[in-house]
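Notes to accompany the following structure.
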Amino acid sequence: MKKIAVFPGSFDPITRGHESIVLRARNLFDGVIVAVGQNAEKNYFFPLQRRMEWISEVFPDDPAIRVESYQGLTVDFCRQQGALFIVRGLRTSADFEFERSIGQINRQIYPGLETIFLLATPEFSALNSSIVRDIIRNNGDPRPFIPEAIHKDFV
Ligand code: ADP
């Protein structure tokens, strides 16, 4: 059976930190689904369509990396997709505390599901989408923090 992993998040927008996690997950699994969450209670900075297009532009040629959107529980999406793994990145101990309960509950809801944590690389440990949004909002240059493939949209 193919090992499929779901990498869920907001990707508002995708950063070099996300890019690095996807590429590393790609080395571990047969397929990686970058799953863009649509949470009705969340206000996103960029529209869903834009966030998904950017991700597709970052990973254009690898059929093993797919972009999908989903609503509802991540575990239900994993079931639908036949994915037995969730990938998450860990930057700080705060990330760990947040992820621990979600990972444990997800496994209770969907026995057999494993959450795999990849440690952020040191150069991206301080990076998150909210900092990138702040830079964009204030007319700074976000390009050092976002994947090269989408620099063209931020000149
Ligand atoms: P959320 O909306 O749940 O915070 P994000 O879209 O910010 O999700 O991130 C999705 C996933 O990417 C999370 O597992 C997060 O830890 C990981 N991630 C975000 N930024 C980085 C980074 N700089 N390095 C490694 N992992 C990261």
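Data for the structure
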| quantity | calculated |
| --- | --- |
| Cα-based helix-to-principal-axis angle, 48-58 vs the chain, degrees rounded to 10 | 90 |
| Residues whose placed amide H lies under 5 Å from that of THR121, excluding near-sequence neighbours | none |
| Under 13 Å, Cβ to Cβ, from SER130 - net charge with Lys/Arg +1 and Asp/Glu -1 | +2 |
| Relative contact order computed over the chain (Cα-Cα under 8 Å; 6+ residues apart), in percent | 31 |
| Estimated 222 nm signal from helices in the chain, with DSSP H stretches of n ≥ 4 weighted -39500 (n - 2.57), rounded to 500 | -11000 deg cm²/dmol |
| Proximal charge balance of LEU118 [Cβ under 10 Å; K/R count +1, D/E count -1] | +2 |
| Net +/- balance of residues flanking ALA83 in space, Cβ distance below 15 Å, scoring K and R +1, D and E -1 | +3 |
| Residue of GLU68, GLU114, GLU41 that the Gaussian network model of the chain assigns the largest fluctuation, springs spanning Cα pairs under 10 Å | GLU41 |
| Rounded to whole Hz, the Karplus (6.51, -1.76, 1.60) HN-Hα couplings of the range 126-131, x for glycine and proline | 8, 9, 8, 5, 5, 5 |
| Note, ³J(HN,Hα) from phi for the range 14-31, Karplus 6.51, -1.76, 1.60, rounded to Hz, x at Gly and Pro | 4, 10, 5, x, 4, 4, 5, 5, 4, 5, 5, 5, 4, 6, 9, 10, 6, x |
| Inverse mean reciprocal Cα-Cα distance (Kirkwood Rh) of the range 51-118, Å | 13.5 |
| Angle between the chain longest axis and helix 93-109 axis [Cα atoms, degrees, rounded to 10] | 40 |
| Rg ratio (alpha-carbon, reference 2.2 N^0.38 Å) - the range 83-155 | 1.42 |
| Length gained when the stretch LEU48-GLU97 is fully extended (0.36 nm per residue, less Cα-Cα span) | 14.9 nm |
| Orientation-averaged projected area, Cα convex hull of the range 4-154 (nm²) | 8.8 |
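Values quoted throughout were computed directly from the atomic coordinates according to the rules given, and no laboratory measurement underlies them. Because the structure is predicted, anything quoted here is derived from the model rather than measured. No Cβ is skipped: glycine too gets one built from the backbone with ideal geometry, and neighbour counts run over all protein chains shown.
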